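S.K.: Before we start, here is the structure in question, set down as C-alpha cells.
The values are calculated or read from the model by the stated rules, or taken from the named source; none is laboratory data. Note that this is a predicted model, so its numbers are computed, not measured. All Cβ positions, even for glycine, are placed from backbone atoms using ideal geometry, and neighbour counts span all protein chains on display. Ligands, DNA and RNA are excluded from the accessible area calculation, which covers all protein heavy atoms including side chains. Shrake-Rupley method; radii C 1.70, N 1.55, O 1.52, S 1.80 Å.
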Amino acid sequence: RLSHELRTPIAVVRSSLDNLAATTLSADSRVYMARAQEGLARLTQILTRMAEAARLEQSLSEVERERFDLAEVVRGCVEGYRLAYPEARLAMHVDPGPWPIDGAPDLVAQMLDKLVANAVEFARGGAIEVTVRSDEAGVDLAVTNEGPLLPAAMEGRLFESMVSVRAGGDAALPHLGLGLYIVRLIAQFHRGTVHAADRPDGRGVVVGVTLPLAAAAAPA
C-alpha cells in the first residue's frame with residue numbers, strides 16, 4: 001500500500017525535475033538537480049524492491065508445486081551468474097544427486113539470485129562458492145564469500161524485512177534487507193529453513209537454506 005501511495009508524488013517530482021532540466025540553469029543549480037535526480041532514482045529502486053516482496057508474499061499461496069532436481073536448477077543458475085557477474089570468481093560444488101524437491105524451480109532460482117547478489121556485494125576478494133550438500137535435515141544450498149563478518153547485533157535478524165547489515169557503503173544504493181527477506185519467504189514456502197554464519201576460518205560468511213527432500217514416490 002505504501003509503494004502504491006508513493007508512486008504518484010514521485011511521478012510529480014520526476015516530471016518537475018524533467019521540466020527544470022530542459023531550462024537554462026546555472027552550474028550550481030545543475031549540481032542540485034543531479035542530486036535530486038539521484039535521490040529520486042534511489043526512491044524508485046526502493047519502491048521496486050518493496051513491490052517485489054509484496055507480490056511474492058501475495059502470490060505464494062497460488063503457486064503450483066512440482067517435483068524438480070535442485071542440483072539441475074543450481075547448475076543452470078550458476079552458469080548465468082558467470083555472465084551476469086564477470087568481475088566475480090564463482091565456484092560451484094554440488095554433491096552427487098539428484099536432489100528432488102517439491103516446490104517451484106523458478107522460486108528457487110529467484111532465491112539463489114538473492115543469495116548470490118548478496119555475496120557479490122559483500123565479497124572482498126576470493127571466490128564466491130555455491131554449494132549443494134546433503135544434510136540430515138535434507139539438502140543444504142549455501143553461498144560463501146570472503147568479506148566482513150556478521151555483526152553480533154544482527155544474529156537472528158538477518159532475514160527480517162527492512163533489516164540491513166551495511167554500514168555506510170555506496171549511498172547510491174538503497175539497502176532495506178529485502179533480498180534476504182525474500183530468501184526466507186521462498187525457503188518457508190518449500191518448508192525449509194534459513195541460516196547465516198561466519199565462515200569457520202573467520203574470513204567471510206556463509207548464507208543459505210536447508211530444504212527437505214521430496215518423499216520417495218510409491219511404487220506403481
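S.K.: Run the paramagnetic zone check for Arg82: 7 angstrom along Cα to Cβ, then residues of segment 110-127 with backbone nitrogen under 18 Å.
M.R.: Those under the cut-off are 113, 116-117, 120, 126-127.
S.K.: While we're on this one: Quote to one decimal, in nm, the extra length available between Ala91 and Arg191 on full extension: 0.36 nm per residue of separation minus the C-alpha distance between them. Could the numbers behind the result be given before it?
M.R.: Details: separation 100, 0.36 × 100 = 36.00 nm, distance 2.69 nm.
So the extension gain works out to 33.3 nm.
S.K.: While we're on this one: Taking the Cα centre as origin and putting +1 on Lys and Arg beta-carbons and -1 on Asp and Glu beta-carbons, what dipole magnitude results for segment 72-156, to the nearest 20 debye?
M.R.: Details: 6 positive and 14 negative charges, 64 e Å.
Charge dipole of segment 72-156: 300 debye, to the nearest 20.
S.K.: Can you tell me what share of the DSSP beta bridges in the chain is antiparallel? A percent to the nearest 5 is fine.
M.R.: In the chain, approximately 85 percent of DSSP beta bridges are antiparallel ones.
S.K.: In addition: Per 0.36 nm of contour for each residue apart, how much would the distance between Glu52 and Ala152 grow if the chain were fully extended, relative to their Cα-Cα spacing?
M.R.: On the way: separation 100, 0.36 × 100 = 36.00 nm, distance 2.86 nm.
In short, 33.1 nm is gained.
S.K.: Could you calculate the contour length gain from Ala137 to Asp69, that is, 0.36 nm times the residue separation minus the distance between their Cα atoms, to one decimal place in nm?
M.R.: On the way: separation 68, 0.36 × 68 = 24.48 nm, distance 1.68 nm.
The Ala137-Asp69 span can extend by a further 22.8 nm.
S.K.: With just the Cα atoms of segment 14-71, tell me how far they stretch along each of the three principal axes, in Å, largest first.
M.R.: 62, 25, 14
S.K.: Additional query: So, with a 1.4 angstrom probe, what is the percent of accessible area on the chain that is carbon and sulfur?
M.R.: 54 percent
S.K.: Name the residue from Gln37, Leu90, Met111 whose Cα lies farthest towards the positive end of the charge dipole of the chain, charges +1 on Cβ of Lys and Arg and -1 on Cβ of Asp and Glu.
M.R.: Value computed over the given set: Gln37.
S.K.: Skip the ligands, DNA and RNA, and give the accessible area per residue of the chain with a 1.4 Å probe, whole Å². Don't skip to the answer; put the middle values down first.
M.R.: Values: 12420 Å² over 220 residues.
With the other protein chains kept in place, the chain gives 56 Å² per residue.
S.K.: Oh, and also: What longest region of the chain stays clear of trypsin sites (Lys or Arg not before Pro) that DSSP places outside H, G, I, E and B and that have at most 10 other Cβ atoms within 10 Å? Walk me through the intermediate numbers first.
M.R.: Details: sites that count: Arg1, Arg124.
Between the exposed loop sites, the longest stretch runs 2-123.
S.K.: Now, a different point. For the chain, set up a Gaussian network in which alpha carbons nearer than 10 Å are linked by springs, and say which option among Met33, Met50, Met111 fluctuates the most.
M.R.: Of Met33, Met50, Met111, the Gaussian network model singles out Met33 as fluctuating most.
S.K.: Now for a different question. Using helices alone, what [θ] at 222 nm do you get for the chain, with -39,500 (n - 2.57) per DSSP H run of 4 or more residues, divided over all residues and rounded to the nearest 500?
M.R.: Numbers: 5 runs with 98 residues, N = 220.
Calculated mean residue ellipticity at 222 nm is -15500 deg cm²/dmol.
S.K.: Shifting gears a bit: Give me the angle, in degrees from 0 to 90, between the Cα long axis of helix 178-189 and the longest principal axis of the Cα atoms of the chain, rounded to the nearest 10.
M.R.: Approximately 30 degrees, to the nearest ten.
S.K.: Over all directions, average the projected area of the Cα convex hull of the chain and note it in nm². It would help to have the intermediate numbers written out before the result.
M.R.: Details: hull surface 63.4 nm².
Mean projected area of the Cα convex hull: 15.9 nm².
S.K.: For segment 28-111, what is the relative contact order in percent, using Cα pairs closer than 8 Å and at least 6 residues apart in sequence? Numbers along the way, then the final one.
M.R.: Values: 46 pairs, mean separation 30.2, N = 84.
Reported as a whole number, the value is 36 percent.
S.K.: Pairing the Cα long axis of helix 70-84 with the longest principal axis of the chain, what angle in degrees results, from 0 to 90 and rounded to the nearest 10?
M.R.: 30 degrees
S.K.: Shifting gears a bit: To the nearest 10 degrees, how steeply does helix 2-21 sit against the main Cα axis of the chain, on a 0 to 90 scale?
M.R.: The angle comes out near 40 degrees.
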